[in-house]
Amino acid sequence: MFTADRFRTVTLPPLVLGGLRPLHRQMIRSNVTSASFEHDAGGAVFEICLTEGQHGPELLVRSRSHGIAFTLAMTTHFRVAPVLSDDTYRRLCEILAPGEEPAPDVVASFLQSVVAQSPAVLSRTHSCAA
């Protein structure tokens, strides 16, 4: 399932966010280092930013109104093993599944919905500050 270590982080099971490949390919072809879009989930608006990090693509997720911000580093195959602070994990689960116990499936479903609704065309994104 998931592990929690002594530094109060939660490591979720790995997953592949392959649906971000078309957008990432367009970024590389167009020499663009970042592209962002908004995603609505659980009544909250999340700012999603795909950037080209030092070691591959990174996905930045932020909800200013809920004080949530985290970055997921991906491999070149868009595989990610999300590591979130315990506080971020709990707040994210509260937003996405109010009244339920925090569960890794809630975060995995959220990330999959972000990928499913991500634009595949750069003209539908805007640049973001990394």
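I'm trying to understand the selection: among the residues of region 49-68, which are out of contact with any helix residue (DSSP H, G or I) (no Cβ under 8 Å at 6 or more places or on another chain) and part of a strand (DSSP E or B)?
Initial filter on region 49-68 (out of contact with any helix residue (DSSP H, G or I) (no Cβ under 8 Å at 6 or more places or on another chain)): 49, 51, 53-56, 58, 60, 62, 64-65.
Within region 49-68, CYS49, THR51, GLY53, GLY56, GLU58, LEU60, ARG62 qualify.
Among the residues of region 69-83, write down those that are assigned to a loop (DSSP other than H, G, I, E, B) and either of a type in the set (Gly, Ala, Ser) or over 22 Å from LEU122 (Cα atoms) (or both).
In the first step, residues of region 69-83 are kept if they are assigned to a loop (DSSP other than H, G, I, E, B); the result is 74-78, 81-82.
ALA81, PRO82, listed by residue number.
Pairs under 7 Å by beta carbon, first residue more than 11 Å from THR125 (Cα to Cα) and of a type in the set (Ser, Thr, Tyr) in region 22-38, partner assigned to a strand (DSSP E or B) and open to solvent by 50 Å² or more (accessible area, probe 1.4 Å), six or more apart or different chains?
Here the result reads THR33/GLU52, each pair linking region 22-38 to a residue that is assigned to a strand (DSSP E or B) and open to solvent by 50 Å² or more (accessible area, probe 1.4 Å).
How about region 7-48: which of its residues are charged (D, E, K, R) and either in a strand (DSSP E or B) or under 19 Å from ALA69 (Cα atoms) (or both)?
Matches in region 7-48: ARG8, GLU38, ASP40, GLU47.
Yes/no matrix, rows are residues, columns are (1) at pLDDT 90 or above; (2) open to solvent by 10 Å² or more (accessible area, probe 1.4 Å); (3) within 15 Å of the chain's Cα centre (by Cα):
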| site | (1), (2), (3) |
| --- | --- |
| ILE28 | no, yes, no |
| PHE37 | yes, yes, yes |
| GLY43 | no, yes, no |
| VAL61 | yes, no, yes |
| ARG64 | yes, yes, yes |
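Check ALA103, ALA81, ALA129, ALA120 and return the single one that is open to solvent by 70 Å² or more (accessible area, probe 1.4 Å), modelled with pLDDT under 95 and either closer than 30 Å to ARG25 by Cα or more than 14 Å from the chain's Cα centre (by Cα) (or both).
Going through ALA103, ALA81, ALA129, ALA120 in turn, the sole match is ALA129.
For region 84-100, which residues satisfy the criterion of being assigned to a helix (DSSP H, G or I), over 19 Å from PHE37 (Cβ atoms) and open to solvent by less than 30 Å² (accessible area, probe 1.4 Å)?
So in region 84-100, the residues assigned to a helix (DSSP H, G or I) come out as 86-96.
With the extra rule that they be over 19 Å from PHE37 (Cβ atoms), the set shrinks to 86-91, 93-94.
The answer is ASP86, THR88, TYR89, CYS93.
Kindly indicate whether any position in region 2-22 is buried (at least 18 other Cβ atoms within 10 Å of the Cβ) and of a type in the set (Gly, Ala, Ser).
Within region 2-22, not a single residue is buried (at least 18 other Cβ atoms within 10 Å of the Cβ) and of a type in the set (Gly, Ala, Ser).
Examine region 81-97 for a residue that is without any contact (Cβ under 8 Å) to a residue 24 or more places away in the chain and touching a Lys or Arg at 6+ places or on another chain (Cβ under 7 Å), and state whether such a residue exists. Step through it out loud before you land on a result.
Residues of region 81-97 without any contact (Cβ under 8 Å) to a residue 24 or more places away in the chain: 88, 90, 93-94.
Still in the running and touching a Lys or Arg at 6+ places or on another chain (Cβ under 7 Å): none.
Taking every residue of region 81-97 in turn, none turns out to be without any contact (Cβ under 8 Å) to a residue 24 or more places away in the chain and touching a Lys or Arg at 6+ places or on another chain (Cβ under 7 Å).
The values are calculated or read from the model by the stated rules, or taken from the named source; none is laboratory data. Everything numeric in this text was worked out from a predicted model, so none of it was measured. Ideal geometry is used to build each Cβ from the backbone, glycine not excepted, and the neighbour counts take in all protein chains shown. Ligands, DNA and RNA are stripped out before the accessible areas are found, and what is left, the full protein with its side chains, is counted by its heavy atoms. Shrake-Rupley method; radii C 1.70, N 1.55, O 1.52, S 1.80 Å.
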